[in-house]
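The values are calculated or read from the model by the stated rules, or taken from the named source; none is laboratory data. Only a predicted model underlies this, so the values are computations on that prediction, with no experimental measurement involved. Quick reminder, even Gly has a Cβ in these numbers, built from the backbone with ideal geometry, and neighbours come from all protein chains shown. Note: accessible area is taken over every heavy atom of the protein model, side chains too, but ligands, DNA and RNA are not part of it. Shrake-Rupley method; radii C 1.70, N 1.55, O 1.52, S 1.80 Å.
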Amino acid sequence: MIDGTPPALLCEGVRKSFAGGVDALAGLDLSVPEGSFFGLLGPNGAGKTTLIRSVVGLTRPGAGSISVFGAAAWGDSAGAARQSIGYAPQDVALDRFVPVRELLSLHGRYFGMSRRDAAGRADEMLRAFDLSGKATAYAHQLSGGMRRRLLLARALLHRPRLVILDEPTAGVDLELRHDLWDYIRALHADGTTILLTTHYLEEAEALCERVAFIRSGRIVAEGAPPDLRAQFGATRLEDVYLQLVGR
Amino acid sequence: MTTAEIRRARRRGTAALAEREVLRVLRLWNQTIAPSVVSAALFIVVFGVALGASIRLIDGVPYERFIVPGLVLMGVATSAFGNTATSIFQARNDGFIEDPASSPMTATQLLLGYLSGGVVRSLLIGALTLAAARVFVSYPVEHPAVLAAALAGTSVAFSALGIVVGLYSTGWDQQNVVGNLVIQPLVFLGGVFYSIDALGQPWRALTHADPIFYMVVAARHGMLGASEIDPRLSVGVTLGLAVAMLGWAWVTFVRGVGIRT
Ligand SMILES: Nc1ncnc2c1ncn2[C@@H]1O[C@H](COP(=O)(O)OP(=O)(O)O)[C@@H](O)[C@H]1O
Ligand SMILES: [Mg+2]
């Protein structure tokens, strides 16, 4: 908060233990500057999804504080925090009782848009994600790639200032992966802050201005990829990763 | 964002969720509306019109007329419960409940949104069952306000109970257990098909412990004008149960049961 404007996301001392004694988050500190393209990297089970769900209000942290553009994510200001986030979960979960166009406009309205604004924006997103031909189909009738795109379109629908993508390209073929990268890059170019998790190092290297490595619920290193490579004397981000979180 | 903007956003979200729940009911009408109305009509034809002639008057009322309010109430109770329990469990099971659950809406507003589907569906079924019954039997509506309170209270109470079960359950079987082994017996033992004046002890005492009995009696008083117990008691218990169930559903949402880990 050097210049007085709060970061897009600020996590301080966030802890979460699940029944069974797993410390998914063990006092995690993270700051994502507004307007940045930020990658959260770590192996399976490191705590990426738990952190993201704590930010969007789906996992209640045991301790610590989380704020989004200065609004606390839990408590009285949770509404303001959530309104500014667009979230695409790791697993595709789409309402299967409403057709695609309505699925999008309903999301916009859940997040406070007027009926008319949401409907217009839904059509815009359908075009942007090449789904116009499927406006009246149901999500379960779409191909896997289309569902991924729809999930992203839904996250962007209410014009959030912070977009959080949890492994947006996991299990996605190469062509769609590059399509998704293009969408996300264009979004970032428009000034939206992006936080994405991935365990694909080349994805982080291709997209992110800043990355943080997470292991066992803690951030173990953070910085711009070139700086991290220099700091660890590595030629590839992968080598940094292996030093930090590999065995 | 100002507080006023957040408040407006939340109102819009609540309206959208309520609309989604109601549209789900209307679009799936052949699963959500028709079966309850048809089965109530069949009860009236078979038990009322066909067998009713061999059953003596109950409290001075012909049998086919006597069972109408209880049947209407039975349809309201079971459809209200089934709607919210199914819709919420479906949304949890598929994971898409996380969309509204991560929106700015408060627990109270999520509750209102999901409640709407159960209330609209069950009251629609109540109204259609009354209309269908008219085809076979004539009946008065002696106290419309009492009938309305009985049906509305039942609708809210069971929609809220369905929400609780939908949030707690971990499988489809659990809602069937509650529906078939708890609600259904309570409905049948609540005096839908008989007057408790016809019962000896201990059945009479047990019936008084059945919450649905008060709802049935309130509905019957609203229609036929006669009641086995003081109508203030039956209407009071019905509305009290609605408030209690609403409170339970609200606490369940606030605690994030079944939604927030
Ligand atoms: N709902 C849950 N109940 C119990 N343990 C959980 C739950 N969610 C996550 N965990 C555990 O927390 C740890 C972090 O998981 P997660 O945040 O999903 O990691 P990642 O997204 O980095 O793969 C893992 O050990 C996982 O098993
Ligand atoms: Mg994950």
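Heavy-atom accessible area per residue, region B:104-261, 1.4 Å probe: how many Å²?
Values: 6520 Å² over 158 residues.
I get 41 Å² per residue for region B:104-261.
Probe radius 1.4 Å, ligands and nucleic acids ignored: give me the carbon and sulfur share of the accessible area of the protein assembly as shown as a rounded percent.
Looking at the protein assembly as shown in its full context, I get 57 percent from C and S.
Rounded if a/c is under 1.5, else prolate if a/b is larger than b/c, else oblate: which is the protein assembly as shown, with a ≥ b ≥ c the root eigenvalues of its Cα gyration tensor?
Prolate, because a/c is 1.5 or more and a/b exceeds b/c.
Whole number in Å², please: accessible area per residue of chain A, 1.4 Å probe, ligands, DNA and RNA not counted. Intermediate values should be presented prior to the final figure.
Working: 10220 Å² over 247 residues.
Roughly 41 Å² per residue, with all protein chains present.
Can you pull out the buried accessible area for chains A and B, both sides counted, probe 1.4 Å, rounded to the nearest 100 Å²? Intermediate results must be reported in sequence, preceding the final value.
On the way: alone 11600 and 12120 Å², together 20930 Å².
Buried: approximately 2800 Å² between B and A.
With chain B treated as a Gaussian network of Cα nodes joined by springs under 10 Å, which of B:164, B:37, B:49 yields the largest mean-square fluctuation?
Most flexible of the set in this elastic network: B:49.
Can you put B:1, B:223 in order of accessible area, largest first, using a 1.4 Å probe? Could you put the intermediate results ahead of the total?
Values: B:1 120, B:223 0 Å².
Output order, biggest surface exposure first: B:1, B:223.
At 222 nm, what value in deg cm²/dmol follows for the protein assembly as shown if DSSP H runs of at least 4 each add -39500 (n - 2.57) and the sum is divided by all its residues, to the nearest 500? Can you show the working numbers first?
Numbers: 21 runs with 277 residues, N = 508.
Roughly -17500 deg cm²/dmol at 222 nm, from the helical runs in the protein assembly as shown.
In degrees from 0 to 90, rounded to the nearest 10, what is the angle of the helix B:107-136 Cα long axis to the longest principal axis of chain B?
30 degrees
Comparing the chain by itself with all protein chains present, which residues of region A:90-111 are at least 10 Å² less accessible (probe 1.4 Å)?
Residues passing the criterion (a loss of at least 10 Å², heavy atoms only) are A:93, A:94, A:95, A:96, A:97, A:98, A:102, A:106, A:107, A:109, A:110, A:111.
Any chance you could check the Cα centroid distance between region B:155-200 and region B:94-150 for me, in angstrom?
16 Å
Can you order the peptides A:10-17, A:185-192 by their average number of other Cβ atoms within 10 Å per residue, highest first?
The packing order, highest mean first, is A:10-17, A:185-192.
For a quick check, take a GNM of chain B with Cα springs below 10 Å and name the residue from B:79, B:155, B:54 with the largest mean-square fluctuation.
Highest fluctuation of the listed residues: B:54.
Take every Cα pair under 8 Å in region A:94-159 that's 6+ residues apart, average their separations, divide by the length, and report that relative contact order as a whole percent.
After rounding, I find 45 percent.
Rounding to the nearest 20 debye, state how big the charge dipole of region B:98-231 is about its Cα centre with +1 on each Lys and Arg Cβ and -1 on each Asp and Glu Cβ. Write down the numbers at each step before the final one.
Numbers: 4 positive and 8 negative charges, 49 e Å.
It works out to roughly 240 debye.
Compute the accessible area of each residue in region B:4-42 twice, once for its chain alone and once with every protein chain present, using a 1.4 Å probe on heavy atoms, and list those whose area falls by at least 40 Å².
Residues of region B:4-42 that lose at least 40 Å² of accessible area once the other chains are added: B:12, B:16, B:19, B:20, B:27.
Please compute the volume of the convex hull spanned by the alpha-carbon atoms of region A:94-159 and report it per residue in Å³. The partial results should precede the final answer.
Numbers: hull volume 4.5 nm³, N = 66.
Per residue, the Cα convex hull of region A:94-159 comes to 69 Å³.
Going by a 1.4 Å probe on protein heavy atoms, which residues of region B:74-104 end up with at least 30 Å² less accessible surface in the whole assembly than in their chain alone?
Buried by the other chains: B:90, B:94, B:96, B:98, B:99, B:102, B:103, B:104.
Just to be sure I follow: if Rg is taken over the C-alpha atoms of region B:3-255 and Rh is the Kirkwood radius over the same atoms, what is Rg/Rh? Walk me through the numbers before you get to the answer.
Values: Rg = 18.8 Å, Rh = 18.7 Å.
Dividing the radius of gyration by the Kirkwood radius yields 1.01.
How many percent of the alpha carbon pairs in chain A exceed a separation of 24 Å?
On the way: 14156 of 30381 pairs.
Roughly 47 percent, once rounded to a whole number.
Of the residues B:65, B:220, B:121, which exhibits the maximal mean-square fluctuation in a Gaussian network model of chain B defined by a 10 Å Cα contact cut-off?
So, out of B:65, B:220, B:121, the one fluctuating most is B:65.
Can you pull the Kirkwood radius for region B:130-261, inverse mean 1/r over Cα pairs, to one decimal in Å?
About 16.1 Å, per the Kirkwood formula over Cα pairs.
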